[in-house]
Amino acid sequence: MFLVTNLIFKRSEKIIFNNVGLSLSPNKLIQIRGRNGIGKTTLIKVLANIMPADEGDIFWNGKNILKNNDIFYKNLTLIMDTNSSKLDMTVLENIKYWKNIFSSEINIETINKILNVLSLSNYKNVMVNNLSAGEKRRLEITRLIIERKQLWILDEPYLNLDDTGIQTLDQTLKNHIQNGGMAIFSSHYQPEIPGIETLELENYATN
């Protein structure tokens, strides 16, 4: 379980969000919503332990993540609003790079299936720098399958996706939740996934 209690984050003594709390268990999906500039990306970074909160605690399976970073990160896939793929490498080279970093046991047959579903099969040997914004985002989605982590924290995962990409990501999230995974994502887009819980950041913001 991922548990967040009484998070407070300040910037130059100004409170960006105050007393944020949430509880995420297996088979559960939470969407963070709010207007631009309200602090969605900041909250995502705090939840992923990239930025420290001024107050509050975050627990993974009953242990504070500040004292158990290694265990927490072994169970986390983080996708931010900027892509992590290397522009001077091909699509397939990036996938192999991620596969090695995360010691993934995913095989080439599964990789090919993923690329086919994401309409990237014809781009395997294309440099990422030559892909469109939507294609780069679809490539980023492959990390969710490659890493095979239980907890997903995603910042604007629907960014630059077309209708097909949106449907694919929706199904990927559904499959993850149905298989005992859990996910938190920020987005203005409201996906058609049953059972999504919503955290309205406006209720915790002071800006």
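The values are calculated or read from the model by the stated rules, or taken from the named source; none is laboratory data. From a predicted model like this one, the values you see are computed outputs, not experimental measurements. Please note: Cβ atoms are built from the backbone with ideal geometry, for glycine as well, and neighbour counts cover all protein chains shown. Heads up: the accessible areas ignore ligands, DNA and RNA and are worked out on the full protein's heavy atoms, side chains in. Shrake-Rupley method; radii C 1.70, N 1.55, O 1.52, S 1.80 Å.
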field: Per-residue ³J(HN,Hα) for region 76-93, Karplus 6.51 cos²θ - 1.76 cosθ + 1.60, θ = phi - 60°, Hz, x for Gly and Pro
entry: 10, 10, 10, 10, 8, 6, 10, 6, 9, 5, 8, 5, 8, 10, 6, 4, 5, 5
query: With the other protein chains left in place, how much accessible area per residue, in square angstrom, belongs to region 120-207 at a 1.4 angstrom probe?
result: 45
query: Once the Cα atoms of helix 163-178 and of the chain are each reduced to a long axis, what angle between those two axes, in degrees from 0 to 90 to the nearest 10, is obtained?
result: 60
message: How large is the accessible surface of L161 in square angstrom, using a 1.4 angstrom probe and rounding to the nearest 10?
response: 20
- request: Go ahead and run the numbers for FRET between N125 and Q178, Cβ-Cβ distance against an R0 of 41 Å, rounding to 0.05.
  value: 0.75
- prompt: To the nearest 10 square angstrom, what accessible area does V126 show with a 1.4 Å probe?
  reply: 40
query: With a ≥ b ≥ c the root eigenvalues of the C-alpha gyration tensor of region 10-116, is it rounded (a/c under 1.5), prolate (a/b larger than b/c) or oblate?
result: prolate
- request: Collect residues whose amide H, placed 1.01 Å from N in the peptide plane, falls under 5 Å from the amide H of I32; neighbours closer than 5 in sequence don't count.
  value: F185, S186, S187, L199
- prompt: For the modelled label position 7 Å from the Cα of Q190 along Cα-to-Cβ, which residues of region 131-159 have backbone nitrogen atoms closer than 19 Å?
  reply: 156-159
- line: Residues other than P26 with Cβ under 15 Å of its Cβ, Lys/Arg counted +1 and Asp/Glu -1, net out at +3
query: How would R11, R138, R33 line up by accessible area, probe 1.4 Å, largest first?
result: R11, R33, R138
query: What is the extension gain from T110 to R33, computed as 0.36 nm multiplied by their sequence separation minus the C-alpha to C-alpha distance, in nm to one decimal?
result: 24.4 nm
Percent carbon-and-sulfur accessible area, the chain, ignoring ligands, DNA and RNA, probe 1.4 Å: 45
query: Taking a probe of 1.4 angstrom, what is the accessible area of Y73 in Å², to the nearest 10?
result: 90
- line: The distance between the Cα centres of region 143-207 and region 61-113, in whole Å, is 17
field: Reachable aspartates and glutamates from K136, criterion Cα separation under 17 angstrom, eight or more residues apart if same chain
entry: D81, D88, E93, D155, E156, D162, D163
message: Can you tell me the length gained on complete extension of the stretch K14 to L66, counting 0.36 nm per residue apart and subtracting the Cα distance?
response: 16.3 nm
- prompt: Not counting the cut sites, what is the longest span of the chain without GluC sites (Glu not before Pro) that DSSP labels loop and that have at most 14 other Cβ atoms within 10 Å?
  reply: 14-104
